[in-house]
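Data first, discussion second: the structure below is written as structure tokens.
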Amino acid sequence: MTITDSAESPGAGASEPGPYGRISVPLDTAETFTELLPRTRRALLRRLAIGQAEGRAPSMMGAVVRGGRTVWTGARSSAEGEVPHADVQYRIGSLTKTFVAVLVMRLHDEGLLRLEDPVGRHLEGTPVPDATIAQLLAHSAGLASETRGPWWERTPGELRPEQADLFGDRPRPLPAGRRHHYSNPGYALLGALVERLRGGTPWYAVLRREVLEPLGMGRTTWHPEMPHAQGWAVHPWADVMLPEPAQDTGLMGPAGQLWSTLEDLCRWAAFLLRGDERVLSSASLAEMRTPAVPPEPDGWDAGYGLGLQLVRREGRTLVGHTGSMPGFLAALWTDAGEDTAGIVLANCTSGPAVPAIAADLTGIVAEHEPRIPEPWCPLPGPLEPELLALAGPWYWGANPHVLRLRAERGLELAPLSRTGRSSRFRAEKDGTWTGLDGYYQGETLKVVRDQDGSVSHLDLGTFVFTRGPYEPSEPVPGGVDPEGWRV
């Protein structure tokens, strides 16, 4: 049985013909692969090989992205001499939803919709017009998980020609906004929303023009294009296989239609980690990564943002998505703290623990080669003396905080004691700052000045921060006891 690790195999990325066709574009240069140590590459390959063998997958591919580049790829196949390469398409299932979510957030950035808008405001004929766009993105609208029969993943989309055909008699079995309840038809509505607000252009054509082409993802397509893998079902009690059909799911396409390659998904992972202003604003990408629904009662080990899954694993937070369609499994996880992503593709309906394998790939790199911080650099000029004068200690009552100046006139407020709230702030054109995270997310920070123009205090959502702890001369709400501090 053949094992291939692209990081160590001679000629990896060469354009030699094989059973999966010719590689037209190398995944990356050999120099990139040498950035991981041989011990790390072997551990990655071993994890992939164990996953393929124990899961009895006809083939399995994996990759690691770090620092915005692909640093390792590996492949394992059950057929001697038929090892897939990085340009072979696999069906990626619900990873499709991450692309649809980015399209919706682009519409949000352009001011064509608000996340709190009911979908019925923009889309006619839906059976759940009051479901908000944010709820659809986060699977919190209470909609049914699947369409009315028959099984949509294994039947042609022509059986569901209209939106009303996607839902049964109970389109909303749960109350809206209360909890996460995964809904494939909900994403069909989002795809229709994109089409409606883009003047009737099919959502995939919008995706290709606005996202795939700018990111160089030319091998992510609606229908499979050679070379591509065949999807299989593996018998649970015997080592035999059955080919799975690959249906065009029609209106359900936004829930799981796309085909892609390891090479393209590495580019997608780099985008999810580092962003690309040509495609989506950094603020909207950060909002997608933020949990949008309450955690389940058994604790916060998994959640969902706006089109992205979130999991906690061994002290690390991973963001991405899993996917499955008949004959295929996929997973892509990003670890922002390590600037790393793990991707795994397999061509079988069930068996291998693909999400866990992809998570383990990121964990192996974090364990063997922890991220080395970027070198410290001074802020780019020119320096604003008035802004620099704001930096330093501030007091919320008697609780000391420090205000630090960051890039692009940003600020960061953090407590100096063990208790308190910290947040980062984005500079606005009107001279205020908006909280980006933590307790003060979305709140306004402004500098209040005296009549002579000198700084009096900071106002943060009506909380007053002064230069001294309860100084009588400071504008402390409620005043300060005239006898002052005492023993």
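The table below gives the values:
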read-out	value
Inter-label distance, nm, simple model (7 Å from Cα along the C-beta direction), Glu82/Glu471	7.8
Paramagnetic reach from Lys429 in the range 98-128 [backbone N under 17 Å; point 7 Å along Cα→Cβ]	109-112
Using alpha-carbon coordinates, inclination of helix 184-197 to the longest axis of the chain, degrees	70
Proximal charge balance of Glu412 [Cβ under 15 Å; K/R count +1, D/E count -1]	+3
Long-range tail of P(r) for the chain (Cα pairs > 29 Å, %)	56
3J(HN,Hα) from dihedral phi, the range 111-118, Karplus parametrisation 6.51/-1.76/1.60, rounded to Hz, x for glycine, proline	x, 7, 7, 10, 5, 7, 5, x
Computed lengthening from Thr419 to Arg39, 0.36 nm per intervening residue step minus Cα-Cα distance	132.6 nm
log₁₀ of I(q)/I(0) at q = 0.17, 0.22 Å⁻¹ - the range 94-147, Debye sum with one point per alpha carbon	-0.54, -0.90
Two-site FRET efficiency, Gln451 against Val480, from Cβ-Cβ distance with R₀ of 30 Å, rounded to 0.05	0.90
Table column - 3J(HN,Hα) (Hz), the range 338-347, Karplus curve with 6.51, -1.76, 1.60, x for Gly and Pro	9, 6, 9, 9, x, 10, 9, 10, 9, 10
Estimated vicinal HN-Hα couplings, Hz - the range 412-418 in sequence order (Karplus 6.51, -1.76, 1.60; Gly, Pro = x)	9, 10, 9, x, 8, 8, 6
Estimated FRET transfer efficiency (Glu408, Asp169; beta-carbon r; R0 60 Å; 0.05)	0.70
Least to most buried among Leu383, Leu136 (fewest other Cβ within 10 Å first)	Leu383, Leu136
Most positive-pole-ward Cα, Thr249, Met288, Gly216, against dipole of the range 215-291 from beta carbon charges	Met288
Simple label model, 7 Å out from Cα along Cβ direction - Glu54 to Ala336, nm	3.1
Rounded FRET efficiency, nearest 0.05, which uses the C-beta distance separating Leu387 from Thr290 and R0 of 25 Å	0.35
Principal-axis tilt of helix 262-274 within the chain, Cα atoms, nearest 10 degrees	10
Ser145, Ser284 arranged by Cβ crowding within 10 Å, fewest neighbours leading	Ser145, Ser284
Span per principal axis, largest first, for the Cα atoms of the range 389-460 (Å)	36, 24, 19
Rounded tilt (10° steps) of 96-109 against the dominant C-alpha axis of the chain	40
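All of the numbers you see were taken from the coordinates with simple rules; none came from a lab. All values reported here derive from a predicted model rather than from experimental measurement. Heads up, the Cβs are rebuilt from the backbone with ideal geometry, glycines too, and the neighbour counts pull from every protein chain shown.
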